[in-house]
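Just below is one structure, and these are the notes that go with it.
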Amino acid sequence: MALRARSAEIRNLRQANADLEDARRAALNLMEDAVESRRQVEELNRQLRVTASSDRFRAALADALRSLGDPVQIKAVACRVLAEHLAADRVSYADIHADGEAAVLPPEFDAAGLMAKLRAGRTIVLPETGSEPSPVQQDSFIAVPLVKDGRLVAALCVSQGASRASAPQAIELVRETAERTWAAVERARAEEALRQSEERLRRLNDALEERIRERTSELAGANASLQLEVRERRAAENEIKALFTRLVSAQEDERRRIARDVHDQLGQQMTAVRINLEELQLRTDIDMPCAESVERTMRLAEELDHSIDFLAWELRPAALDHLGLPAALARLVGGWSERFQVRADYDTVGIDGVRLRSDIEANLYRLAQEALHNVYKHARATHVSVLLERRDHRLVLMVEDNGRGFAIRDASPEAVPSLGLVSMRERAALVGGELTIESTPGFGTTITVRVPTADADATSHGQCDEATHPHC
């Protein structure tokens, strides 16, 4: 009985020991969990401190760089702020030129073969775990390359005297500082280039404005001279036109006087000669050779009489003064056709019973006369049409032939025209009109004169002003 009680007590003790061991293990596990939790809390706090420190660094760097515009100052301030934050012995920003040279890298850098790594865009961190001794003098070294468009443009280097491994956050801050410094430097350079461009542009604008003022002054002087020359030329042209008008008027008066003298004096003398020849012919009927001679002389005298009449008619047709332009043109076309044996038609439209100013009638008559003369002299035409028409407040004179024609450029104002065409153009301009010539080789020529009728009418319906037409 006692043995059974002892065995039960032993089992109870064993069970109590087992429970105690389980409780101890549970307590140890709780302690380990508490330690791990504390470690995690401490790591989290450390990370928060690092993050807060990094944020303060970023803010300080941004504040320090915000007001700077000189690239040299930007690099110096960025290096100083980063050195203070990392407690580094030396921080340097190196611009890498196109030929690969850098001013601030340690002398051993290229000899150690580290420059090739930078050109490849690799960040250099020394010492590395398990690496060989540092090839540079500093015990701790970080170099961050800046590669743009495939080319190494800059590097940010951090040197520390104590040999220690660089934290990833520090390396990331060096990278970020390098990027922000490069961006600020490039912005400053761009702003400086922009300022220089604006300054050059301002100087160019000032120079241009000065040249414009000088040129404007020159142009004003030239314009004044040109206006004076234009006024002088217009005055000369007006004087020439007035002289030409007086010349044409004097010419027409002289033609009228000569025609009257030829008609009156030579006509009377020729009439007397013909009367004497007729009396002589009566007395020489019995002398046949003498009668034939007198007969030939009679015919010559008759032809001479006709020639005198034609000459007087060409100089100044009486119909132009007495009957007006339409009737004078009718006689001109008929007489020309009969004399030169060229079929000619003449027609008028809207002009019946209308008298024009004497200068317009005289110049249009001479234009028609010169056009018919050119037809006979140059065109070799077999038919001519002459039209005098009143159309759209204009008086139109048209002379058209079926002759051989000519190249129209030969009669252009730029070409050297004949004296007849010059006279025709001047006569048309003299009465405020315009002369146009249409011609094609082998298809004839059309000469058209258009004169405004605003001041062309002298009187209408057959009434004539005695001051203008004294012979009416």
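Every read-out reported here was derived from the displayed coordinates using simple, explicitly stated rules and does not represent laboratory data. Keep in mind that what you see is a predicted model, and the values were worked out from it rather than measured. Note that each Cβ is placed from the backbone with ideal geometry, even for glycine, and that neighbours are counted across all protein chains shown.
Brief remarks follow.
- Counted by neighbouring Cβ atoms within 10 Å, the residues V449, V81, V50 run from fewest to most as V50, V81, V449.
- Proportion of all alpha-carbon pairs of segment 1-48 beyond 15 Å (%): 65 percent
- Cβ crowding within 10 Å, taken as a proxy for footprinting-reagent exposure, orders T271, T446 from fewest neighbours to most as T271, T446.
- Counted over all Cα-Cα pairs of segment 334-375, pairs farther apart than 16 Å make up 50 percent.
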